């Protein structure tokens, strides 16, 4: 390739750092470079181009109002001076985009994130092919490195005892949710429309009135409507368009940095997808589907592309499918099935459509999620079996902590469901909270710092079992304020603490999540993603060192868990233990849910 | 008969695209085979710099466009690609397309004069276009030398002071109306690409200087040293306002009976502020010299836009602002002998008549 002569000129009073980096890159490739000092007039630059017979000119300039005209003027000068056809001219700067470069008349535009290699490719007149970042953009199986062996054998034994009891208790029971899940599976598998219709009629029998009237009379619930065919078509076009432009950032700086999930559930599948695509562009590795709270109290699912004016996005085969189809191939997707009256069917839909993960926890779902303990226990056994069948790991969330349940009690519940999952062939993921919980507000473990108590949770779980850990949900909960910068910083610091502790995944909130007073905004999602990325970059392999308290509290937590499990074993019935408050009491702030009470059926 | 019309602006938001769009609609009414391109980037929803909404371009079936690859799916219009050229832009190579389904278009076209010429020739010679509209970009004007005449869009976005705006536009008008070198003398200059100093007889000795542009003080000194025997100075490329002033400061009355010849007025206008440049041109004349061009670029009309993006310091953003429309129109009309039109208010009928009139004169 012919050696090029390149003039690098900052059309700017001071800034030329970018040009200096490019100069070095060009010289390494054997090109001749001339870097003009800053603050030269446009005519002087033109004269230098002519005097030095350069092949390529790279201009840098920070943009503000009026500067576009200055840059346009420069191109005019070059053209009027008769050099425009002989010299390639590129422009770089923080506000430069290809569209703007075209408007200004340049041959190329280099905006933020431009690599030296990109500028070199322009100089050499070849197409720029971005190098893949060091961390591969593939779906990560966060369970792969764990054998689920118990280090605390006493706890393992207690858990086995409780799991035996659960399996025994549920063995002769079923629910309408389990029946619906089987019918749904047949509907999905069937290719015969008349058979599908027959199955739908059968399905409707096991639903409550709101859902029944949908299948029987085509009625939609209030505030709920189907997307029009134009909207569905526009959605497809939107996704194709965004995918064709998607060039995502990478959040992780080192291999050890956890996988980062965001949560969506705006109520509208279209808006969800827009949020997902924004988050993918800014480097999110996974997305979590939030369903509406009324869905958790309703027996049965609707069908079709449906939107509604409330938080949480309605679970239907079509809605989930359109979301799945919008995802980049490397994006992990979780559909939650941790509470409500449709958990087995949710897992069937998620599995059939190709979700990577689900979420199941009987203790949380029945103590803070509003679902009756007995009902959820019977449903969850079926849901876990489906998760195992579809090869979907599931996290066992402990958000009952946010209701006031102390961590050790929530962890006892999490470990019971995890052991149940292992027994049924599933792959559970422990999900401790990284939050400023009511427990620590009252007891003061976070008076000095947010590090020790969160670290204690991880130490405690590691002392018990070799299992994957996914901190949630979202990290930094209740440490954020309505100031987006403060919220983003809190998220980022919690993310780096999680990374330092070697956890496998985290869920992060947007910077306005707790204060948006309505749907959260895409820019506030980008706030926390960028903050997390910056924090990973900042810490690299450096660790955050907790104080001695962390280990002390971890031991106390482990003792607490053991005592709770002993009390459950003593009680002899897991479901009854939930009603009795052994895994979180009314005094703690946990109330056994009422949705689905007395609906468990004897198997015929 | 064919005609290529450039629509140039004096700044962003002065109404270039509104003007282009209005002429386009008038031309659709009279069903003329039509070509359209832009030397910048047009038709986007939101301004690249101020973030304010922008007017958009609606194109009808059979219009021929020159458009960068990445713009093909930018609007709702659909195209048949007739040719993909080698002309590359930051948004991909330029395609020559025919509109097969009407709709909104986003257009980034060739942005160099030579490329514009290539596209224009193809539209006229191969595709039978009778009128070609070239939408401008920002304050850029240099590629417009390839058009047969220009419409200038100016307004509050350039300057919110009406007096200054009128004086500046008047200066542009005068600079674009500089007299042409007589046809019989053109041959002496057409092929020179360096500044040439002609001795008393045009076909006599010619001294060529190092540069084609007047952009440095060294060139000024060379001219001053040789001026005694010079009858004409030909500058084929750019003329910098600052350096022209320096030349005038040194020559003063030595301009007497000498002629400054420039290739076209754009080479002058690109080099500085129109009012200052006009001042320097007047100084040459006052000292007994003349200024002529080889190639004229008629200014056909002025369109005015009282809108400007008003910066709000409290919000760190822009919002729409307006100056006195009536006053602007009145003062501008008094200052110039060409149509001055508020395109949003008046529409493009009179503008189109002016354009077509010009094409009749041309043909």
Hey, got the average number of other protein chain Cβ atoms within 10 angstrom for residues in B:268-278?
2
Exposure proxy ranking, count of Cβ atoms within 10 Å, fewest first, for A:58, B:300
B:300, A:58
Longest principal axis of chain A (C-alpha) makes with the long axis of helix A:176-189 (C-alpha) an angle, in degrees to the nearest 10, of 50
Packing-based ranking, highest mean first, of B:66-74, A:222-230 given that Cβ atoms within 10 Å are counted:
B:66-74, A:222-230
So, with points 7 Å from each Cα along the Cβ direction, the residue A:576-residue A:237 label distance in nm works out to 6.3
Mean ellipticity per residue at 222 nm, deg cm²/dmol - from DSSP H runs of n ≥ 4 across chain A, formula -39500 (n - 2.57)
-15000 deg cm²/dmol
Chain B: relative contact order from alpha carbon pairs under 8 Å, six or more residues apart, as a whole percent, is 20
Mind telling me which of B:269, B:81, B:107 comes out most flexible in a GNM of chain B, alpha-carbon contacts under 10 Å?
B:81
Exposure proxy check on B:194, B:31: fewest-to-most Cβ neighbours within 10 Å is B:31, B:194
Once you have the Cα-Cα distance between residue A:144 and residue A:85, take 0.36 nm times their residue separation minus that, and quote the gain in nm to one decimal.
15.5 nm
Residues residue B:322 and residue B:73, FRET efficiency given R0 of 45 Å [Cβ-Cβ distance, rounded to 0.05]
0.80
Proxy exposure order for A:268, A:471 (fewest C-beta within 10 Å first) is A:268, A:471
Can you pull the mean other chain C-beta count within 10 Å for peptide A:90-102?
5
In degrees, nearest 10, the alpha-carbon axis of helix A:484-500 is tilted away from the dominant principal axis of the alpha carbons of chain A by 70
Among DSSP beta bridges whose residues both lie in chain A, state the antiparallel percentage, nearest 5.
10
Run the simple label-point estimate for residue B:30 and residue A:27 please: 7 Å along Cα→C-beta, distance reported in nm.
6.1
At 7 Å along Cα-to-Cβ for each site, give me the label-to-label distance between residue A:115 and residue B:80 in nm.
4.2
Against the longest principal axis of chain A, how steep is helix A:42-52, in degrees 0 to 90 to the nearest 10, with axes from Cα atoms?
70
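We did not get these values from a lab; they are worked out from the coordinates using the rules stated. Computed from a predicted model, the values in this text were never measured in an experiment. When we count neighbours, we look across all protein chains shown, and the Cβ atoms used for this are built from the backbone with ideal geometry, even at glycine.
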